[in-house]
Ligand SMILES: [Ca+2]
Ligand SMILES: [Fe+2]
Ligand SMILES: [Fe+2]
Ligand SMILES: [Fe+2]
Ligand SMILES: [Fe+2]
């Protein structure tokens, strides 16, 4: 293998495409993802359920696989051509990453794929070949009041955000938004290939862990309905955070927890990022509208809890502790909720006022 | 019976409460009202299905009864006290109307009731006693994307609108809106007891016939979903008119047709009428925003088609032809669609301009 | 003074009609209610601003009056007839309450009125006469994205909820919902005259104080827009609680604070209560979905903060401390947020499970 | 015509970016686009107004320029790099098309650009350089109830759709949907570069003419508000068609007419097309849900009326008559409205049933 990394072209990644999720009780997970959230079953057996959202036309965008430890087994991206799978394999191998190629795919409905253990410790998959299934877009007879229409993005916890960001930029991702402080610490970054705010985001913290997977809805009331339904089912304790409006991304959002504690975001109405000079928006970590535009508190569990990720042998990856400052520590008070720094308490020049705007181009 | 009508107090009517509808194919009607529209079955047997909307707490607000001729069998109103049933019986008897009292009710879930053949030929029912059932208001686990939440109103076709209006005013209804022309012809009137724009409306035409029954939704998107679902089921030919915004009532609306051609309106967001001096809004028949605020055409079938109503023996009432001008004739052009009179074509003073506002207090 | 209370008929109250609010900085309050919330100015001068919502047709439903101490000066109800003002005056006088009658009204746009200092210490007003103004219902050219359409209700803090409830029931109010515990303590009660869940509510706490005034919107997205706009204006610190779905009332809600700290609720989609046997729904104080159906925490300030109310001389009423258990104390943990009692920690029989449903008929 | 077309690479087009529209009364057009529709003025003078929608971050996406004849002066596309402007110039020159390059741009806010008279007779522009302005995405203080958020697409009338389609495919566009009949006639085609259903569409008819420009909203209620506002302003005669749900594209839509008769579509919620194998959906011209999923009629003016387009000298292009069958002729009945072919009246095999589904992968 060539030890000059630069000449190797990165694969042309189209979008985040599916997540393989290990769950400990398949029936309980089915009740959550199918009966509560209304995802559509493409195929299922004793070991796994293949699910897709309303406007997906490939075989699935979520695989629930039964296993002993709840974890994320693969973050899968679709690439533009079959050759881009080769490129992905070579690109990671050139970085010394373990890779595994399977011509018949790792899961049903997906063909020739490569899985890698990436430089951050995450199991990434790249594929082009996939089985097309009925796109349900106009099957309004199947449309439930809280319908999930697209897989929007992944979110990954990693201790060193600048390192992760640099790696993903080399892989071809662009940065739509990030959260920093005036000491130059980066707390989080949002990275995209498709023309939305992100296909994946990096959240600073002990990692590698999966923070969440996000599905989008058509409108805001669809998200409210999911809350209302969870209230009716008396599982409101599985509503972790929101609904609210993100500062970062501008999307209307909700975070809920599946039976294993895997976090799912429901998300709608971020913005178009397809222009070549789409600006990166930087938010100050002390702007308390950055994570909720209405200033509603971020609950501590949202910062601390996340799912293990598996290596290519199916074992949980060890977690590395974040050494940079933690966003929770710098923004959450003794009462367990976030606050906005008041005038006078600032340690950093330029942060004297309680609210600061994200820098926008 | 006292032949001095005046001293007899009218029953204190609370609201329109349910419609008994005769359908010719119970399974087909069930598919429409339950599978397509999502009404909830309280009880059903070979002969009848008792349905209620999401926020109803009495036994039903729609009864589908199997019969040889598609027709409306009873427009039922709830009254404030058990004694108001006696008052209703006496009030109609004093007017020479045929009445029938059943202590156990005419349908399941309803107790002591009186049915009358009213002065316009409609079968009206008045009851107080009813079986309470689970109010589904917070059963969001049952909430479909086009959920119907309340019975809003009836709409009746009658040849002589002023006569019908005077009768209903004596019965205690108030008039929220009407459509007239400058010759003093009344084309329609909206009458209410509860604090909405109407519990029933009178539409000028050959009658007695039932024009439609209307259910309300929470929001406008629920109505759009009903259209989308009917499109998905390839029954868009059952969408007769709309969706649109009414001029009269200001509600967002849709008219659809059930398997027998009974017209159902889906309706949301009219206004509060509970103040004692709530004004009557009068619209000019030549204002083409009166029936659709966006000026979209009223299809001719909406003016001409309606359901028979039954007498107390279950036979269809003969229909009397309207002698006053027809709204369709004065507003619909040779192309079969409504128009707005242009400047210069007016025969009537004050109607020179193309658009005229409803007179509002 | 007549000491036989019973024979005196209560006034026939139609609905809560307007609030007179004393504000300390009229320009700041105008910026909040007119520029941020979009209420419509009927009339204004150096001393007061008369505001109305989109679907109001009387002169105003909120009066902002400049004064030295931020407080609620009058909770005004409309009555059915001019004579009901006399009845109100006599009814309160018979209870030994101070009353003041003004044939020309206390504020512009309102005629013959009586103000009283009620048995709970609140300044109540009753009037029939009022100036009609343009109902803006179809003035969609004036409709802002967060438009407030109706005054929905008042909310009053009082130490002894059962006493307050008994008084309001004598005055003709009915109870739609309440919050109790298994020891028989009542924490709050919702009371209505119009056909919604309430015209006013009693919240147990140190009082008399005004907890909030509530305006309704057409749809849920209108409320989200108000949050988004407050975020854009960087006044998200004035968003106190929500948005959320109430358990009690089922309405979608938001609480915000005006420049003086007066609390305003924005509210939509509760249910019809007009039937004579509309059931009272009782919630257990330990059901953590009672105040937010999604189980989101109630912030402590929502329990503790409220506005003074004035006596008929314009002086703040002294506040009486609640002696019954406080809802916050029994439901909010050491972290300052509410929780649901877990199995095993119950002191009270029947409360062993974490979640309990409101008892519904 | 250069017969060695192949070697010249097509410019990498990012998206439709702005339309330059000639209007005859700048004040009247400003009233429509700014006061009614709420587009934001970036810059204006006596001759032109530069407008942008809420989520645009380049200088404008609509230019209104005063002129003697209402017409479309340029359909402008953004390209990925400055060099793509060179590529565009060469690509069209190689096809014998007249081109004009201006290093300082043809309009304010845009730098180095080339305008061409394309093979179909349309004035196309390609540019990379542009002035960035404030993206208003989170300026909810400026958000009106019918806010337009993005420029979505153009729609062009051309007589020979297959020819136009082939040309645009060579230019790099892909086809998301089309309308055909069983004789192989193509009636319309939807072509995209960004990841939505289209950046432009070709509608068969006498051309070159501009059929419409389309802006998107966040949600469906925003579009309903535009109708409601036009009703309130008594310009409902400028609502030409809709609102409705498209079959093709699945978007919720509305067509309105500006003071010169230029057609504007308001559009929301089509679907993602970014995958490399996104399928082309073909609709049968006899499927009457193809243009309105609810089967509501297409008004004849929508088929027949369109705006002239200008050549590079600013003169209206002559119009060539369509020789293929017209969609209106094959689908609209004697009453002037579209219908669905009933069983038995079909001339073409396979079209015996009234409704036919679009062929979807
Ligand atoms: Ca139709
Ligand atoms: Fe996310
Ligand atoms: Fe109706
Ligand atoms: Fe309230
Ligand atoms: Fe279009």
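Since every read-out is calculated from the coordinates, none of them should be taken as a lab result. Everything numeric here is computed off the predicted structure, so don't read it as measured data. Glycine also receives a Cβ, built like all others from the backbone with ideal geometry; neighbour counts cover every protein chain displayed.
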Inter-copy distances for residue D:315, nm, shortest first, label points 7 Å along Cα→Cβ, are 8.0, 8.0, 9.0
By the C-alpha gyration tensor axes a ≥ b ≥ c (rounded if a/c is under 1.5, else prolate when a/b exceeds b/c, else oblate), the shape of the range C:22-146 is oblate
Per-residue average of other protein chain Cβ atoms inside 10 Å, peptide A:292-301 -> 5
The FRET efficiency for residue C:8 and residue C:131, from their Cβ-Cβ distance with R0 = 45 Å and rounded to 0.05, is 0.90
Here the percent of antiparallel bridges among DSSP beta bridges lying wholly in the protein assembly as shown, to the nearest 5, is 70 percent
Stretched fully, the stretch from residue D:323 through residue D:301 gains (0.36 nm per residue minus C-alpha distance, one decimal, in nm) 6.0 nm
Connecting every pair of Cα atoms under 10 Å apart in chain D and solving the GNM, the largest mean-square fluctuation among D:98, D:150, D:209 falls on D:98
Chain B: relative contact order from alpha carbon pairs under 8 Å, six or more residues apart, as a whole percent, is 16 percent
Shortest first and in nm, the label-point separations between residue B:280 and its counterparts in the other identical copies (7 Å out along Cα→Cβ) come to 4.0, 6.2, 7.0
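Based on the alpha-carbon gyration tensor of the range C:66-218 and its eigenvalue square roots a ≥ b ≥ c, which shape applies: rounded if a/c is under 1.5, prolate if not and a/b is larger than b/c, or oblate?
On the way: a/c = 1.75, a/b = 1.17, b/c = 1.49.
Oblate shape, in that a/c is at least 1.5 and b/c is the bigger or equal ratio.
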Among A:260, A:237, A:284, the residue with the largest mean-square fluctuation in a Gaussian network model of chain A built from Cα contacts under 10 Å is A:237
Looks like the range D:13-308, by Cα gyration tensor root eigenvalues a ≥ b ≥ c and the a/c under 1.5 rounded cutoff (else prolate when a/b is bigger than b/c, oblate otherwise), is rounded
Per-residue Cβ contact counts at 10 Å, fewest first, order C:199, A:181 as A:181, C:199
Within the set B:17, B:31, B:70, GNM on chain B using Cα springs under 10 Å gives the largest fluctuation to B:31
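Looking at the range B:13-308 only, what percent of DSSP beta bridges run antiparallel? Nearest 5 please. List each step's numbers first, then the result.
On the way: 56 of 78 bridges.
Taking every DSSP beta bridge within the range B:13-308, about 70 percent pair in antiparallel fashion.
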Averaged over the residues of D:265-277, the number of partner chain Cβ atoms within 10 Å of each residue's own Cβ comes to 5
The range C:43-115 and the range A:82-127 have their Cα centres apart by a whole-number Å value of 73 Å
Counting only DSSP beta bridges with both partners in the range B:1-70, the antiparallel fraction in percent, to the nearest 5, comes to 60 percent
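Averaged over its residues, how many other protein chain Cβ atoms are within 10 Å of peptide C:51-64's Cβ atoms?
Average per residue, whole number: 1.
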With one decimal in nm and the nearest listed first, the spacings from residue D:206 to its own position in the other copies, using label points 7 Å along Cα-to-Cβ, are 4.3, 7.5, 8.1
Expected response for nearest chain D Cβ to the D-C rotation axis, distance in whole Å, is D:145, 2
